[in-house]
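Undergrad: Please read through the structure below; I'll follow up with questions.
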């Protein structure tokens, strides 16, 4: 008799699918003829669905379909499952899911991670998965004991009966696999949670500390090569003449190829590929885009802002209210935000192997499901012929939702007939045309006789991320362009929000917190200006206008309380405050700073209050708020991608700096208890930071900065 082969996951179970927010589970019961075999087969794990594998030793593996980029999904998702499974947390492990529709994000409809959706999307289905497995384990134990299942309970990986009988999950796992899958299961009352809501240590930290965790940059496939690309220095530039002879003659070089994104140099390692790429002689036909500059783009945006745009929100009659208000009660302002790079610590890279049978990819990607679809289209294959191994991500921030680095690897692999690891240098990535859009906001506002907002007209001009991502506009408006503005929460009888799309040739993309990143800076600067014009305290002014917005008001009050807003500060220190909602969560921040003689702000303290609904792991929430504050502070103080003669100026951290350790303020995070549905936490901590910073600078200097990053020249003392 031939030895029996181990059954694959797909053979062992009918893969579960998330559809319409529900969990569909199918289990394959071993056939009778297998039991009749003389040699016993290995005991298969209890795998009631695609997300759980329970082995006879009692270990529970949770298969996670989301990408881990530092935000904690490899801990949060197992916590959701383990809570309802009533597992022993010490026996819980994680496994990165393969690329498979079973692991699609139900909020996206494809396997992808972004938009601060993981816990929001997983809260119900992952708990359902755990509860289903628990019900089957209880049913198996009850059947073995010949007692009603209702008499049994579970406790930390065991099924327990009042008679004193007890059995571990591992001991009953095989019998549980033969139980029918219940169509409905009861979920725990939150008051009974043991795991959810606890500050548990992250499961992936040891792998990152001991070096065993594998990032995309660590992948090496036997027989593979490394490729580095030379790209057009100006968008739309074409290769006029290519002389690659010197590069081809260099050590380790296998090939020099023209590909859609430029010229690829393939060699036996990164350094040889890079040196050969630098030796290429490429004469570019630069085209008309050399006429673009940051100042020219700004001027075009400002001109467009003076005109009418597509209206996304209209309350009352803003035009009439503005026309009827006395000049002394009016505020006119222009706010500006620049293009920004993602600057992930792990530069973009991917490994691909294209064969006659399909494509295999190893990549630190946020979107393995999208990778499958895109490569299937390029190579005229079925999605299941594209196998994607998702590694750990060295930062994502939306950048790794892009397909450029994966497509490059696959195209070059096909051309050379071998696995290829495409590697971007920091400079390659910084100039790769994936930026947070530059944006201009024209604001016209008016106060009533009591100093309350009477009218607010906000007209934003910026490129469209939706167009870049080939997503449809709704009623002519890119929702990403106006998110954070259309939700303007302050009680104002006349509000009009407009957008004009303006498309310079520089690529735009999702950036951490997307449109909220600039629009909450605009909105919270505006309300601070209104408070100043009304002669009122900026915290109290906001509070008085948020009576119909209790969750905004809740975090605003908590942040002010923890920052001791009413308590005087030492001489030279000042505070600013801001609040915003994004991705289903509400965050308020207070920045405490001083401004030096050289005009350089020194941030001493940031107090953050967050209402993100029900919380899976408070420690993860706090770390994500801290992370977003650092990211936002880097952008507000230093971040700018600028254009000169059509080319991107910045190239590395020498001219695109990020916050250094000695600049890091003290950060305090306070979570507002909530019974609301979970909100996101990866991004919402970022948007209030810049306006709180600028508002604190106004308190310190009396100068209102309306453009980012901070221009210290405006703050220098004579």
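Please treat every number below as a calculation from the coordinates, not as lab data. Keep in mind it's a predicted model, so treat the numbers as computed, not measured. Here the Cβ is made from the backbone with ideal geometry for all residues, glycine too, and neighbour counts use every protein chain on show.
Undergrad: Given points 7 Å out from each Cα along the Cα-Cβ axis, report the residue 707 to residue 677 separation in nanometres with one decimal.
TA: So the two model labels end up 4.2 nm from each other.
Undergrad: Would you compute, for the Cα atoms of segment 253-327, the largest minus smallest coordinate along each principal axis and list the three values in descending order, in whole Å?
TA: For segment 253-327, the Cα extents along the three principal axes come out at 72, 26, 20 Å.
Undergrad: Where does the chain land at 222 nm, in deg cm²/dmol rounded to the nearest 500, when only DSSP H runs of n ≥ 4 count, each adding -39500 (n - 2.57), divided by all residues?
TA: -8500 deg cm²/dmol, from helical runs alone.
Undergrad: Ordered by packing density, taken as the mean number of other Cβ atoms within 10 Å over each peptide's residues, highest first, how do 552-560, 112-120, 190-198 rank?
TA: Ranking, from highest mean packing down: 112-120, 552-560, 190-198.
Undergrad: Per Stokes-Einstein, at 10 °C and 1.306 mPa s, what whole-number D in µm² s⁻¹ belongs to segment 110-254, with the Kirkwood radius over Cα pairs as the hydrodynamic radius?
TA: 74
Undergrad: Kindly provide log₁₀ I(q)/I(0) values, in the same order as q = 0.06, 0.09 Å⁻¹, from the Debye equation applied to equal alpha-carbon scatterers of the chain.
TA: One equal scatterer on each Cα of the chain leads to -0.41, -0.88.
Undergrad: Output the peptides 364-370, 566-572, 505-511, 516-522 sorted from most to least packed, where packing is the average of other Cβ atoms within 10 Å over each peptide's residues.
TA: Sorting 364-370, 566-572, 505-511, 516-522 by mean packing, highest first, produces 516-522, 364-370, 505-511, 566-572.
Undergrad: What order do you get for 411-418, 299-306 when each peptide is scored by the mean count of other beta carbon atoms within 10 Å, highest first?
TA: 411-418, 299-306
Undergrad: Still on this structure, I have one more. Where in segment 343-357 does the amide nitrogen come within less than 18 Å of the point 7 Å from the Cα of residue 652, taken along Cα to Cβ?
TA: It comes to 343-349, nothing else.
Undergrad: Can you give the FRET efficiency for residue 150 and residue 93, using 1/(1 + (r/R0)^6), R0 = 22 Å, r = Cβ-Cβ distance, to the nearest 0.05?
TA: Result of the calculation: an efficiency of 0.10.
Undergrad: Helix 73-85: angle to the longest alpha-carbon principal axis of the chain, degrees 0 to 90, nearest 10?
TA: It is inclined by approximately 50 degrees.
Undergrad: While we're looking at this one, here's another question. Using the alpha-carbon centroid of each, what span in Å lies between segment 131-185 and segment 399-418?
TA: Each part's Cα centre sits 48 Å from the other's.
Undergrad: Let me ask something else about it. Could you work out how far the C-alpha centroid of segment 428-484 sits from that of segment 648-718, in angstrom?
TA: Using only Cα atoms to place each centre, the spacing works out to 19 Å.
Undergrad: So, one more: Report, to the nearest 10°, how far helix 118-145 tilts away from the longest principal axis of the Cα atoms in the chain, using its own Cα long axis and a range of 0 to 90°.
TA: Between the helix axis and the principal axis of the chain, the angle is about 20 degrees.
Undergrad: Can you give the relative contact order of the chain as a percent, counting alpha carbon pairs under 8 Å and 6+ residues apart?
TA: Once divided by the residue count of the chain, the mean separation gives 13 percent.
Undergrad: Kindly express, to the nearest 10 degrees and within the range 0 to 90, the angle between helix 404-416's C-alpha long axis and the longest C-alpha principal axis of the chain.
TA: 60
Undergrad: Right, another one. In whole Å, how far is the Cα centre of segment 305-360 from that of segment 74-115?
TA: Going from one Cα centre to the other spans 32 Å.
Undergrad: Among DSSP beta bridges whose residues both lie in the chain, state the antiparallel percentage, nearest 5.
TA: Antiparallel bridges: around 75 percent, rounded to the nearest 5.
Undergrad: What do the square roots of 5 times the Cα gyration tensor eigenvalues come to for segment 219-291, in whole Å, largest first, as semi-axes of the equivalent ellipsoid?
TA: So the equivalent ellipsoid measures 25, 13, 9 Å along its semi-axes.
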